[in-house]
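Undergrad: Let me give you the structure first, and then I'll get to my questions.
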Amino acid sequence: MERMHRTAARSSLPDFDAKELIKIVSKLVKIDKEWVPYSSTGSLYLRPTLIGTNPTLGVNDPHYAKLFVLTADSEYIRAFPGGVGAFEMGCNYAPSILISKIAASLGCQQILWLYDSDEKLTKVGTTNIFMHWKNEQGGMFFY
């Protein structure tokens, strides 16, 4: 639950009562016990999920949110170095909300996203970036 609290704060989502969520999930498992597969060697893997549900298009600070629980398959992983692997995010753009707020406080309108140790350019804001580059020898490159 601590990880989910960190994720909510990192995503600008509202806080929640962790003890209450654990009680609710426990009650749900008891109510739906017929749907829980029996196994003496496995476990039931549940994933609490908190998402912003603003009735708008675009990436913005969430004013509405929904908390729900999914069963999850741990075979597939979506994480990369420098990304948000330390957080549970069910989306592509939520990680940019907090950084966008910080950038705005510094007077910036967009964020240039870099990747890997050699800081490859990836995106600006929520769009791709294209560059025309001319090196010192006169060679031209498009990125």
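Read the figures in this text as sums done on the coordinates, not as results from a lab. Remember, it's a predicted structure, so these values are computed and weren't measured experimentally. Glycine also receives a Cβ, built like all others from the backbone with ideal geometry; neighbour counts cover every protein chain displayed.
Undergrad: Just tell me which lysines come within less than 27 Å, Cα to Cα, of residue 120; anything on the same chain fewer than 8 places away is out.
TA: 101, 134
Undergrad: Can you give the local net charge around residue 22? Use residues other than it whose beta-carbon is closer than 14 angstrom to its beta-carbon, Lys and Arg +1, Asp and Glu -1.
TA: +3
Undergrad: Additional query: Compute the distance in nm between two label points, each set 7 Å from the Cα along the Cα-to-Cβ direction, one at residue 24 and one at residue 136.
TA: 6.0
Undergrad: Still on this structure, I have one more. Highest first, please rank the peptides 94-104, 4-14 by the mean number of other Cβ atoms sitting within 10 Å of their residues.
TA: Top of the packing list down: 4-14, 94-104.
Undergrad: How high is the FRET efficiency from residue 66 to residue 44, r the C-beta distance, R0 25 Å, rounded to 0.05?
TA: The calculated FRET efficiency here is 0.70.
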